[in-house]
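Engineer: Dumping the structure here so I can ask a few things about it.
Derivation of every value follows stated rules applied to the coordinates shown; laboratory data play no part. Quick caveat, the model's predicted, so the values are computed rather than measured. Don't worry about glycine lacking a Cβ; one is built from the backbone with ideal geometry, like all the others, and counts go over all protein chains shown.
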Amino acid sequence: MNPIVHAELSWLMAQRLEARRDRVLVACAGLAPDLDGLSILGGGELYARYHHLLFHGYVGALVTAAVCAALARRKLAVAALALGAFHLHLLCDLAGSGPGWPLWYFWPTSLREWYWDGQWDLASWQNSVIGLGATLVCLACALRYRRTAVELLSARWDTEVVRTLRARFLGEGRPSA
């Protein structure tokens, strides 16, 4: 699954949190497993060897939850949601990263591979449908929560997106007839 969808799904998990900072931390937790993807900087061989190994397991989950909790306002809630977002990323990868991409969840204590025989390709219709659905729900959050996943990039941009969506779908900001 692509990183944008991982971020959107994780951000959606955090909607009960009041502070933008805490929602951003949970979204970052949902992206954290792909830190091992930076192995691509060492070339394709290193990427093939270390992506889904170094940070796609329990060690990465615990480190991520601890860092998120340390930086959060609502520490316990953010730690729990960070663990959930991290593991949602792993579940999505097991389903939609393509055949032949196992996870080594218990690395470094075990090299047992975790995989699913029904994995679909990264560029599959399933991933496209999930991505489209996540984006639409993120935009719909403007109507209920007065925010969208754009807040992950900029609070100011998010304000404009929310204003535009609320004007279009709720009629806010339009002159009365």
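Engineer: About its Cα centre, how strong a charge dipole does the range 3-120 have in debye, to the nearest 20, once Lys and Arg get +1 and Asp and Glu get -1 at the Cβ?
Structural biologist: Charge dipole, the range 3-120, about its Cα centre: 600 debye, nearest 20.
Engineer: On to the next question. In nanometres, what is the gap between the two model label sites at F106 and A19, each 7 Å from Cα along Cα-to-Cβ?
Structural biologist: So the label points at F106 and A19 sit 3.7 nm apart.
Engineer: Are there any chymotrypsin sites (Phe, Trp or Tyr not before Pro) in the range 117-177 that are in a DSSP loop and have at most 14 other Cβ atoms within 10 Å? List them by number.
Structural biologist: Y145
Engineer: When 1/r is averaged over all different Cα pairs and the result inverted, which Kirkwood radius in Å belongs to the chain? Spell out each step's value before the answer.
Structural biologist: On the way: mean 1/r = 0.0579 Å⁻¹.
Kirkwood radius, the chain: 17.3 Å.
Engineer: Another question, if that's okay. When the Debye formula is applied to the Cα atoms of the range 117-161, each taken as the same point scatterer, what base-10 log of I(q)/I(0) results at q = 0.14, 0.21, 0.29, 0.32 Å⁻¹?
Structural biologist: One equal scatterer on each Cα of the range 117-161 leads to -0.44, -0.70, -0.95, -1.05.
Engineer: Can you give me the span-like helices of the chain, meaning DSSP H runs with 24 Å or more of Cα extent along the axis and Kyte-Doolittle mean at or above 0.5?
Structural biologist: Going by DSSP H runs, the hits are 75-96, 125-144.
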